[in-house]
Every structure is written in structure tokens, then in C-alpha cells.
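So the structure is just underneath, and the comments pick up after that.
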Amino acid sequence: MEYRVLTYRRAGARPTAGVLIGDRVHPASDLLGQADEVDTSSVLGLLQSWGKATDLLRGAVARAAPERGIPLADLTLETPILYPGAVFATGGNYADHLDEMAKKYGRPALTRHKVAEPFFTLKTSAHSAIGHRAPIRHPQFTKRLDYEAEIGVVIGAFVENIPEARAMEAIAGYVIVNDLSARDYARRETLPNQNTHDWFGQKCFRDSMPMGPWLTPAEFVPDPYDMSIRLWVNGELRQDGSSKHMIYPLAEQIAYLSRHLTLRPGDVISTGCPSGVGAAQDKFLAPGDEVRIDVGHCGTLINPVVAG
């Protein structure tokens, strides 16, 4: 039986790790009881012993009494992982997105040449992550707030120098990520007649990483290289792509990162977005907008935009 893992909150209560079965949520601590090998106090705790946790969850989910769960509609969903130790954002991972940005800024179109290694930036975690239906507070410092619908890969083990052939074994599951950007800060003058990207300025601010609504365990995604990615703003379809069009596949991204550092349980890789971003169309987010993202097998992430 399929299930999803999430973090929820009831009125006046602390965030709780939960397991979604159908349309009802069961506290992870109730399902797994006093399992010495697994920390059920948080989703991050479950991820620390993910192999053992999934073994226990399969049996517990099969035995669960549906009527004992809490209706999903009665709960507030937090970002699934409170909070990832690190978030690695993959840059330029879809050719159609690279082409639209080249066209927008008058640069030569992409030649389809794949350089040797993927490119990453870092995204702030606890400072930026918000959950399903949480408001995105529009920063006062930007007039060009942009969206990027992405598949988030959640790491479920300590991983160092893993080969591509085994890299997918490191994935605990998948989550939807909206990698927001303040495009006004994309470039900054550093020296006379010299500009460079300001990755912190454009990517790291409060509410800049809606993530959710839950974590879909890897075993419930039949083909991670055929996951649909769609984003709407106020009902208008803006992005419509698929993970099959990635330039750097997931295994290659994980292997590259693991050569530089030890990936840890709960780390997230936000794996790039397809074309259709606001910057390419001069269509930016404003208070009153609603952003909806659907990713295959990962549900729907919805966030309203409000004044900052």
C-alpha cells in the first residue's frame, strides 16, 4: 500500500511527523510505536534511519486502521522536512530553459553541448522553506519575483564518492520545490565594467523555497526520469515539462555532489526547472497571485502571494 510522509500541525500543537494513507494522516509515532532504531519525532529523524524506517512503515501501513487517522483537510501542512541540513540547487539543467533565457537577454542560443559537470548553488533552508498553502511574503526589495517548479530529491543516507551506477540508492524520496528568485538581483557590479551573478541576493530570502506538500518515498515513483512538472499562476499554465529532459540526470548530480562532500540524510537537491519562468516572459509574481505546482507522483503544492 502506498503512503506519503509529511509534517503537520494541529491548532496549538507542535509540528508532528505524519504518514498519509489515503486521505488520512497517522502520527508516525503511533504507527511505529517505540521503535528503538527509528526516531519518530520528526521527518528528519525518520530519514536518519531511512532504511529501517521504510521496512517498519511497510508493515505498519498495511496494518493501519484507516478510521483512526486524522482527515488531511483538518491539518496544516508544514514543509515536509524541518529542516534540510543543506539544499543544493542545480543550475541550467533543462535546455529549453537555457534557450529561453539566452533569447531574453540577447545571447546566442544553446548549442546542446553538455559541459563536463553539473553546476550548483546553495539555497538557505530554515530561513526560506515554507509549506503547502503557506503565504509567500513578497519581498519589498524586489519587483521581479519569479518562480521555478522543480523536483526535489531527498537524500536518505550518508553518501560519499558514490558512483553514478549506485547513486539512485541514496534517494529516500521526492518532493516539490518552488525555487523562487528575485531577478533584480541576478547580476551585481563587482568591479568597474565587470558583472557577476549574485546567487545569494536573488535566491536566499524569507519564503523563497515553498516545499511540499509531502515526501513521496522513492519506491512509489516508478520512473524518476519520466516525472511531469507543471506550474500555474492564477490558473494560467506557465511551465510544462518532464524530468526526462534533464541535461544532468539525477544520478549524475548525486555522484558529483558526493565527490565534493558527504551528503547527509535529509539533504535536498532541487534539480532544475523547465522553460516558462517569469523572467523570460516579463510576467512576475505580485500580491494576490496564487502559484500551483503539480509533479508526477508528488501531489500539488499551492501557495498564495501576499504583500511582504
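The values are calculated or read from the model by the stated rules, or taken from the named source; none is laboratory data. From a predicted model like this one, the values you see are computed outputs, not experimental measurements. Ideal geometry is used to build each Cβ from the backbone, glycine not excepted, and the neighbour counts take in all protein chains shown. Please note that ligands, DNA and RNA were not included when accessible areas were found on the heavy atoms of the full protein model with its side chains. Shrake-Rupley method; radii C 1.70, N 1.55, O 1.52, S 1.80 Å.
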(message) open to solvent by less than 40 Å² (accessible area, probe 1.4 Å), over 18 Å from the mean Cα position of the chain (by Cα) and free of Cβ contacts under 8 Å to residues at least 12 places away in the same chain: which single residue out of Ala65, Ala53 fits that description?
(response) Ala65
(request) Could you please give the count of residues in segment 20-35 that are open to solvent by 70 Å² or more (accessible area, probe 1.4 Å) and either touching a Pro at 6+ places or on another chain (Cβ under 7 Å) or not in a loop (DSSP other than H, G, I, E, B) (or both)? (result) 2
(message) With the requirement that a residue be open to solvent by 20 Å² or more (accessible area, probe 1.4 Å) and aliphatic (A, V, I, L, M), what does segment 256-308 give you?
(response) Leu261, Ala280, Ala286, Ile302, Val306, Ala307
(message) Among the residues of segment 21-42, are any among the hydrophobic types (A, V, I, L, M, F, W, C), within 25 Å of Arg133 (Cβ to Cβ), in contact (Cβ under 8 Å) with a residue 60 or more places away in the chain and touching a strand residue (DSSP E or B) at 6+ places or on another chain (Cβ under 8 Å)?
(response) no
(request) Could you please find all residues in segment 200-239 being open to solvent by 40 Å² or more (accessible area, probe 1.4 Å), more than 25 Å from Ala170 (Cβ to Cβ) and touching a Ser or Thr at 6+ places or on another chain (Cβ under 7 Å)? (result) Arg206
(message) Going by what's in this entry, would Val159 be described as under 23 Å from Ala251 (Cβ atoms) and touching a strand residue (DSSP E or B) at 6+ places or on another chain (Cβ under 6 Å)?
(response) yes
(message) Given the options Arg188, Arg183, name the one that is among the basic types (Lys, Arg), at pLDDT 80 or above, under 20 Å from Phe120 (Cα atoms) and touching a strand residue (DSSP E or B) at 6+ places or on another chain (Cβ under 8 Å).
(response) Arg183
(request) Among the strands (runs of 3 or more DSSP E) lying completely within segment 201-308, list those that include at least 3 residues that are within 26 Å of Asp55 (Cα to Cα). (result) 209-217
